[in-house]
1. Taking only Cα atoms and a 10 Å spring cutoff, compute GNM fluctuations for the chain and point out the largest among S46, S233, S169.
2. Among A23, A14, A270, determine the one that fluctuates most according to a GNM of the chain built with springs between C-alpha atoms less than 10 Å apart.
3. Relative to the present Cα-Cα distance, how much length would full extension add between R251 and E135 at 0.36 nm per residue of separation?
4. Going by how many other beta carbons lie within 10 Å of each one, how would you line up V201, V127, V150, fewest first?
5. Starting from the Cα-Cα distance between S236 and Y70, subtract it from 0.36 nm times their residue separation and give me the gain in nm to one decimal.
6. Please work out whether the range 94-198 counts as rounded, prolate or oblate from its C-alpha gyration tensor, where a ≥ b ≥ c are the square roots of the eigenvalues and a/c under 1.5 means rounded, while otherwise a/b larger than b/c means prolate and anything else oblate?
7. Would you calculate, for the chain, the mean residue ellipticity at 222 nm contributed by helices, counting each DSSP H stretch of 4 or more residues as -39,500 (n - 2.57) and dividing by all residues, to the nearest 500?
8. Residue by residue, what Karplus-based ³J(HN,Hα) values in Hz, rounded to whole numbers, does the range 167-180 have, using 6.51, -1.76 and 1.60 with θ = phi - 60° and x for Gly and Pro?
Amino acid sequence: MVALGVLDEIVDTARYPLAERAAAARAAVVALARAELSETGCTVLSGFIRPDRLEALRAQGERAAPHAYYTVERVNAYNLPLDEPLPEDHPGRIVFERGNAFVARDRIPEGALIERLYTDAAFQRFVAECFGMDELHEYADPLAGLCLNVVAPGMAHPWHFDTNEFTVSMLTQPAESGGIFEYCPNIRAPRAERPDAVRAVLTGAGEHLIKRLELRPGDLQLFLGRYSLHRVSPVSGARQRHSAIFAYTDRPGVIGTAARTRQLFGRVRAEHRESAAIRGDRLLD
């Protein structure tokens, strides 16, 4: 039996034998993940975390949550400045209030379950295979590589596209009510914005384009959020919604821009001031 170390302590390796690269069960999980990502841009590995670690996962997130940078701002689905010159009927002119918050990586304790998982080489290889990549890399960004997303009661993370092509996340604490992940699979493509479809969703006329996920704590979600419009619906009740965001890229050394970093975390470092975003497509950000 392979000694799995971090994975054996955190992951339900009976269902997800990440370190056993030749295991038939692992190959089946990877094949299913690739198929679902190809079809809908999203796959969920239910019960990824061991049941006996779920309370520790929740409690660690709860302790980190007060370190989140809280702000309510007016945004559009493309994360563009609100004065960006756009055609009169462009969906980028539709404005929402964004009330979610982020705990930066330097506020997440070393040794926390999500930190140990994020930095584990076998976990990284597994995620890369699910996305059909030869390899992936941790962010070099000291704030954005790993973070905790916090949505407080009365708040939401409104409709948006990700600046990254792919996202890895895990719910650590559900809302008492609301906080549902909703997405529109492949509503745009690398060279096709398809604003009519986006506008339909943003104005309430695109219900047929929306899928909804009832995520549970410990579920691992892999998502192609650059092409799929998505949101976390408004949270209600007494409990915050927490989810860990594992940020990886297809090349080493990636650091966020100063403007985007300040928007998410309320501060920047010298590394961010020297950074410039590089995109592999021509889509609006």
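1. S46
2. Top of the fluctuation ranking is A270.
3. Working: separation 116, 0.36 × 116 = 41.76 nm, distance 0.85 nm.
Result: 40.9 nm gained on full extension.
4. Values: V201 24, V127 21, V150 27.
With the sparsest Cβ surroundings first, the list reads V127, V201, V150.
5. Taking 0.36 nm per residue and subtracting the Cα distance, the gain is 58.0 nm.
6. Oblate.
7. Values: 8 runs with 69 residues, N = 285.
It comes out at -6500 deg cm²/dmol, rounded to the nearest 500.
8. Running phi through 6.51 cos²θ - 1.76 cosθ + 1.60 with θ = phi - 60° gives 9, 10, 9, 8, 5, 10, 8, x, 6, 5, 8, x, x, 7 Hz.
Values in this text are rule-based calculations from the coordinates and carry no lab data. Just so you know, these numbers come straight off a predicted model, no measurement behind them. Cβ sites come from the backbone with ideal geometry, for glycine too, and all protein chains shown count toward neighbours.
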